[in-house]
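A.B. asks: Before I ask anything, here is the structure I am working with.
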Amino acid sequence: MLKTRNGLEQCSVRNLLVFLCALPVWAITAGATETSRDPETGLESWQVEAHGIQVRLTQISPDQARAFYQARGFTPEQAEDYASSCVFMTVVRNIGTLPIEHRLADWRYVAGDGKARALRSKAEWDAAWVDRGVSEPARIAFAWAQFPATQTFHAGDWNQGMTTYQLPRGSRFNLIVNWRAGDAGRKTTLENVRCTDEIR
């Protein structure tokens, strides 16, 4: 008898169809969005694997965002400008063999109105922080915490950082991730991602 990584008992591998049933879930559902919830915090995550890339979004609550940036020199009012956005911890991994060329400017998110929007860039945030009088050390700390604007991911490489989406609390959207692998353009979508609520 066999068990999958989810602990589900399978029958003998002597039957090819049963063997296929015992394959890891991600191998069968490549390209499908998987969701999970942290039992302690209640925060949700969305993950997709396709064409050699793994992308994962995890909700960051407003209180987490406020505390993080106030600890790095932002005033409560300045931190609120960021916490009022829909914020996610974003992780990208190269699970394939070809290098991945990433540009955050190529990502788009689509909410209920069907309009594809670009993510707010680090440069745009920095200009806003200068206008708001945020100190240079705090702005540097902010920049380091954001997901990179560009990066080449070789096989096995990964990185993480925050991304923001200008949507109301509780909104749902699809995130379209575009990248290049070798000479080919690639695309995958995280579906039905939800912005966290105010209270956690």
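The values are calculated or read from the model by the stated rules, or taken from the named source; none is laboratory data. Fair warning: this is a prediction, and the values are worked out from it, not measured in the lab. Because the Cβ atoms are built from the backbone with ideal geometry, glycine has one as well, and the counts that use them run over all protein chains shown.
A.B. asks: Considering only region 30-71, state which residues are part of a strand (DSSP E or B), small (Gly, Ala, Ser) and in contact with a Lys or Arg (Cβ under 7 Å, 6 or more places away or on another chain). Break it down stepwise before answering.
C.D. replies: Filtering region 30-71 for residues part of a strand (DSSP E or B) gives 34-37, 44-50, 53-59.
Narrowing further to those that are small (Gly, Ala, Ser): 36, 45, 50.
Across region 30-71, the qualifying residue is only SER45.
A.B. asks: Under 16 Å from PHE68 (Cα atoms), under 12 Å from the mean Cα position of the chain (by Cα), assigned by TED's automatic domain parsing to the domain that holds VAL91 and not hydrophobic (A, V, I, L, M, F, W, C), is that true of THR164? Steps first, please.
C.D. replies: On the way: under 16 Å from PHE68 (Cα atoms): yes; under 12 Å from the mean Cα position of the chain (by Cα): yes; assigned by TED's automatic domain parsing to the domain that holds VAL91: yes; not hydrophobic (A, V, I, L, M, F, W, C): yes.
It is true that THR164 is under 16 Å from PHE68 (Cα atoms), under 12 Å from the mean Cα position of the chain (by Cα), assigned by TED's automatic domain parsing to the domain that holds VAL91 and not hydrophobic (A, V, I, L, M, F, W, C).
A.B. asks: I need the strands (runs of 3 or more DSSP E) fully contained in region 116-200, keeping only those with at least 2 residues that are in contact with a Lys or Arg (Cβ under 6 Å, 6 or more places away or on another chain). Steps first, please.
C.D. replies: On the way: elements: 116-118, 150-153, 158-165, 172-181, 184-194.
Where strands (runs of 3 or more DSSP E) fall fully within region 116-200 and carry at least 2 residues being in contact with a Lys or Arg (Cβ under 6 Å, 6 or more places away or on another chain), they are 158-165, 172-181, 184-194.
A.B. asks: Tally time: how many residues in region 123-138 are in contact with a Phe, Trp or Tyr (Cβ under 8 Å, 6 or more places away or on another chain) and within 14 Å of THR164 (Cα to Cα)? I'd like the intermediate steps shown before the answer.
C.D. replies: Within region 123-138, the subset in contact with a Phe, Trp or Tyr (Cβ under 8 Å, 6 or more places away or on another chain) is 125-126, 129, 134, 138.
Restricting the remaining residues to those that are within 14 Å of THR164 (Cα to Cα) gives 125-126.
Looking only at that region, the number is 2.
A.B. asks: State all residues of region 80-94 that are without any contact (Cβ under 8 Å) to a residue 60 or more places away in the chain and either assigned to a strand (DSSP E or B) or touching a Lys or Arg at 6+ places or on another chain (Cβ under 8 Å) (or both); if no residue qualifies, say none. Walk me through it before giving the result.
C.D. replies: Start the filter on region 80-94 by keeping residues that are without any contact (Cβ under 8 Å) to a residue 60 or more places away in the chain, which leaves 80-81, 83-84.
Scanning region 80-94 gives GLU80, ASP81, ALA83.
A.B. asks: When you go through (1) over 24 Å from ASP38 (Cα atoms); (2) assigned to a strand (DSSP E or B); (3) aromatic (Phe, Trp, Tyr) one by one for PHE74, which number turns out not to apply?
C.D. replies: Answer for PHE74: the failing condition is (2).
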